[in-house]
1. Only residues in the stretch 407-424 that are closer than 22 Å to ASN507 by Cα count as the first member; pair them with residues that are of a type in the set (Phe, Trp, Tyr), Cβ under 6 angstrom, at least 6 apart or cross-chain, and list the lot.
2. ILE70: of a type in the set (A, V, I, L, M, F, W, C), within 23 Å of ILE201 (Cα to Cα) and not assigned by TED's automatic domain parsing to the domain that holds HIS197, yes or no?
3. Can you pull out the residues in the stretch 594-614 that are closer than 15 Å to THR552 by Cα and assigned to a helix (DSSP H, G or I)?
4. Name the residues in the stretch 334-352 that are in a helix (DSSP H, G or I) and closer than 20 Å to LYS446 by Cβ, would you?
5. Could you list all residues from the stretch 172-211 that are at pLDDT below 80 and either touching a Pro at 6+ places or on another chain (Cβ under 9 Å) or not in a helix (DSSP H, G or I) (or both)?
6. With respect to ARG151, is the statement that it is outside any strand (DSSP E or B) and within 19 Å of HIS102 (Cβ to Cβ) true?
7. With the stretch 375-463 as the region, which strands (runs of 3 or more DSSP E) entirely inside it contain at least 2 residues that are modelled with pLDDT under 85 and in the same structural domain as ALA473 (by TED's automatic domain parsing)?
8. Does the stretch 506-514 contain at least one residue that is among the hydroxyl-bearing types (Ser, Thr, Tyr), under 19 Å from the mean Cα position of the chain (by Cα) and outside any loop (DSSP other than H, G, I, E, B)?
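The values are calculated or read from the model by the stated rules, or taken from the named source; none is laboratory data. Since this is a predicted model, take the numbers as computed values, not measurements. A quick note on method: Cβ atoms are made from the backbone with ideal geometry, for glycine too, and the neighbour counts reach across all protein chains shown.
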Amino acid sequence: MATSKFISVDKLSLQDLDADSELIPLLTPEDEQEMNDEKLPETLPILPLRNTVLFPGVVVPITAGRDSSIHLIRDANNGSKVIGVVSQKDEEVENPGVQDIHTLGTVARILRVLQMPDGNTTVIIQGKKRFEVAEVLTEKPYLTATIREAREVRPDMESEEFTTIIDSVKDLALQIIKDNPNIPSEASFAIKNIQSHSFLINFVSSNLNLEVAEKQKLLEIGDLQQRALAVLKHLNTELQRLELRNELQSKVRSDMDQQQREYFLHQQMKTIQEELGGMSYDEEVDEMEARGKEKKWSEKVGEHFEKELAKLQRMNPQVAEYSIQRNYLDLMLELPWNEFSEDQFDLKRAERILDRDHYGLEDVKKRIIEYLAVLKLRKDMKSPILCLFGPPGVGKTSLGKSVAEALGREYVRMSLGGLRDEAEIRGHRKTYIGAMPGRIIQNVRKAGTSNPVFILDEIDKLSSSYQGDPSSAMLEVLDPEQNSDFYDNFLEVGFDLSKIMFIATANNLSNIQPALRDRMEIIHVTGYTIEEKVEIAKRHLLPKQLKEHGLTQKDLRIGKRELEKIVEGYTRESGVRGLEKQIAKMVRYAARNVATETEYTVKVTPQIVEEVLGPPRLERDKYENNDVAGVVTGLAWTSVGGDILFIESILSRGKGALNITGNLGKVMKESATIALEYIKANADLFGIDPSVFENYNVHIHVPEGATPKDGPSAGIAMLTSLVSLFSQRKVKKSLAMTGEITLRGKVLPVGGIKEKILAAKRARIKEIILCEDNRKDIAEIKPEYLKGLTFHYVRDMQQVIDIAVTSRKVARPKNLVGTTGKP
């Protein structure tokens, strides 16, 4: 319903109306009947209205602005005060003629004429009856015409149908007034107090929110019941429109209220931050934008950054996504895009640094110098992916720091031991809660340059789980053809890793995925000899421990002889980690005496070594059992380097069964079976009575049963042990051997030669038997490692027996009398 129509008489400054005035805002049925019985004049002055339709009984204020209208109102007000009111067809027409007005209008009575302060004339009129223009008489100074009454069809006012329609009209009108805040409450009072049904219909029609043409159509409906139904239809439409508008306004108001509240809180927080001396959100964004312009990233990455920064600007700082987006942009700004440290190409200096920090490791040092030389000549090349493979404690990890210093690069280290989540390598998608970049990107950010020396420690300890396969994710990191555009799930853009020098460390190559191993350059880092360990202890371990314990070289001196005793008697390893622990004990001995101001011997003697470390635990009886047939010293390779092992065999009465003990693996048991079958097939060759195989059981044992053992390299040692047992001839002293055998008696080459040789030297072995094909492995070993050793290269088992087994028989046990033939 229209709001402009609900204006009380008081608000029109009509307080000066007399109490007995003929102005009746709300008609009673008696007033209506009196109005219907009133006779209409034959001619009337016609007042055209621009934007109003007057209904019978309704009082409306009209502002007259045209000269003809003012003239008409003045004449009528001085006369009968009755005029005819019609609506214009087009409100834009300034001087309407007969063709510009509707022919059906309402007879009206002038109730009051007011002269307003702005010079306009306002007239209060009330509709009486509908009429039709019969004939226009004059157009100047204003329209006059003959009229005739337009009769209305009035239904039975008491009928149930009409009463229901009226009640519905009244209810809908009240509901609209209630829902529309722009309609004053007086309108509801007026609707409730209208007693006349026809006046209610005309009153509501006059105040409907309709165009003039629509209201004119309502006025032209002669059947009052039909007019009531049309009004009811318009009310329903207006109520639905109002409900929809209110619903939309409610939503908009709620959103606006929330936004205003957030804006207010944001402004408060901004003010607080400024008071505390911090940056506001706007300043933070501006700072990021300024930092972004200084980065050396590519155009593609720069466009991505600007897009993400614009997304941050559109975000409300109070939402959780804001901090995630800000952390993401911080990562992009902190990463060293195309920022490189300058390599130092002084190869002599690099050699000095590597030699200073590490004794030995010649292959690794040679490879680093080669890389520096090529880089110096070419200026730009992809960094190699090196894998240092060897036993623990030989300096693989610590070598990375020396390499970084030699190259003049930053150093970062990442431990991969036990890592089983692929996201640790590739990162999480930033849509996840607690998302972080992968550890590769995190370490590059920490390094601050795009070409650090990056140590991937314990790459063979990567494991798989339901969370993915990290070793497969490492393929992209270590593939020179792929890592120039490494994709991290959190970063979402490619990052160049090709200038990083990756150095991986591993103890066991068999645990590394073949595809990953293929992408790395394997450098074998072997164990140390006794001489090397002594030198390392003298140069590095002892000074380091003295410094860590707050002592100087004046507080403790350990000579070469004492260091050698510590190495031989208290350590059993390829590296020097255990040796460092023993030296630390010696340093603590001195530290305790210095702290308690107790006198002690600064120059350590062998007796002091035993006093501090206890009796030697690892000095073996190497030759005690060599006087017994069937005992042979073999060489083995383990994850901690080379080692020696004793193979013992014995005969007992039985039916020729073979028993093997010592926690041996499948391959090693197969070697024992092959050895026994070969001897049975060639008993005459070794001078053995074949009947012994049917009357005696053979038991082969390898001591230290708590340690798992496997591999084919003990094959010739087992065969030699059995030949020695069956022939009752002992094996040479200070002799060890390694090699695989076949059923034909051939000797095959094995691996881990250098580690096995180092183990032999530690055990004071003098002679070693190897396969002829292992001669090339010996050629690659430094001569100083081979000092004091004699090598025998063989191709078949007969050669092994001729070299290893002496001609001197040992005392034959009573239970073996008569069991062996002539040698």
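1. Correct list of pairs: VAL412/PHE454.
2. no
3. Scanning the stretch 594-614 gives VAL594, ALA595.
4. Once the filter is applied, which keeps residues that are in a helix (DSSP H, G or I) and closer than 20 Å to LYS446 by Cβ, the stretch 334-352 yields only GLU334.
5. Passing the criteria: ASN180, PRO181, ASN182, ILE183, PRO184, ALA190, GLN195.
6. Numbers: outside any strand (DSSP E or B): yes; within 19 Å of HIS102 (Cβ to Cβ): yes.
So ARG151 fits the description; yes.
7. In the stretch 375-463, there are no strands (runs of 3 or more DSSP E) which contain 2 or more residues that are modelled with pLDDT under 85 and in the same structural domain as ALA473 (by TED's automatic domain parsing).
8. Among the residues of the stretch 506-514, not one is among the hydroxyl-bearing types (Ser, Thr, Tyr), under 19 Å from the mean Cα position of the chain (by Cα) and outside any loop (DSSP other than H, G, I, E, B), which makes the answer no.
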